[in-house]
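Comments concern the structure below.
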Amino acid sequence: MRLIMLITTLLATFLAQAGPVISIGALYNYIDHDRSSILKRIYNSGSNTAFVRITIHEVVYDSNGKHRELPIARTDGSTKLEGLIASPSHVIVPASSASSVRLLHVGSRERESYYRVRFVPVLPQKKDEFGLDDKAATQYQNSLDAGVNVLTGYGAFLIVRPHVEHYDTELENQDGAFVIRNRGNSTIVLEALYQCDGGNACSDAVKRHVLPQASLRLEKTPQRRYHFELIEGTRSKPVSLP
């Protein structure tokens, strides 16, 4: 019975690595106020070439903090580009290798803007943007190992900071909670945020973002302490509450 379970586990592990297996590194990225682009690396640890399509949606928040994603519209024949651009918008990543995509922001930077960038492995089709003919596309699909039915993609969240940043973070000690308020015009980051409830019992560290004019509430309980690195653009400092 144990032998059967071992064989099943090894087979599942093998199939998980069969075909293209991509990763994109950090899931949160930032274009700083003095830059217009960043380079994003796409890694393929799988056994087959990955054909990756990049899609971009702008993330818009309302006054209640709820968001919706809007596709970036490009007018055919228009030479005016505005917003976030992926160059190239599709990339071929060989097995056990990596490729790069440049994410470039064009247009106004008076306010901070947000984008969801998705990196999606696809099965290339005849005469699509990857330029394969019908024979090559069929050969690629046939080359995928048995059991590869789903190609997993990833999404990254990109924050484009305004040209003129202003940071104004307030830490309030209220009844029942600590409140972190961002009264500036650019997102602040609580890096490696964890809580400790007496002794040395601490939670796993998480990362939290607080958008401009928004706040984050950390509940108080007896003996609970919070620790994090407060990041405001290029500046950072350790914070402990209380």
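The figures follow:
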quantity	calculated
Rough spin-label spacing in nm, given labels placed 7 Å along Cα→Cβ, for S215 and I72	3.5
Added length on full extension, which subtracts the Cα-Cα distance from 0.36 nm per residue, Y140 to A192	14.5 nm
Peptides ranked, highest mean first, by Cβ atoms within 10 Å: ranges 169-180, 114-125	114-125, 169-180
Three-way shape call for the stretch 169-241 based on the alpha-carbon gyration tensor, with the a/c threshold at 1.5	oblate
Which label in [x] 7, 27, 30, 18, 8, 4, 3, 2, 1, 0; [y] 7, 33, 39, 19, 2, 0; [z] 6, 23, 25, 22, 16, 6, 1 gives the computed P(r) over Cα pairs in 10 Å bins from 0, in percent	[z]
Tensor-based shape of the stretch 17-160 (alpha-carbon gyration tensor, a/c under 1.5 rounded, otherwise prolate or oblate)	prolate
Phi to ³J(HN,Hα) by Karplus 6.51 cos²θ - 1.76 cosθ + 1.60 over the stretch 186-200, Hz, x for Gly, Pro	9, 4, 9, 10, 9, 8, 6, 7, 9, 10, 10, 10, x, x, 10
Nearest 10 degrees, 0 to 90: helix 2-17 Cα axis against the chain principal axis	90
Segment S203-R235, length gained on full extension (0.36 nm per residue, minus Cα span)	9.0 nm
Between 0 and 90°, nearest 10: helix 134-143 axis offset from the chain longest Cα axis	70
FRET efficiency, 1/(1 + (r/R0)^6) with R0 45 Å, evaluated for Q223 and S36 via beta carbons	0.40
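Every number here is computed from the coordinates shown, using simple stated rules; none is lab data. On a predicted model such as this, the values are computed, not experimentally measured, just so you know. Cβ coordinates were reconstructed from backbone atoms using ideal geometry, including for glycine residues, and neighbour counts include every protein chain displayed.
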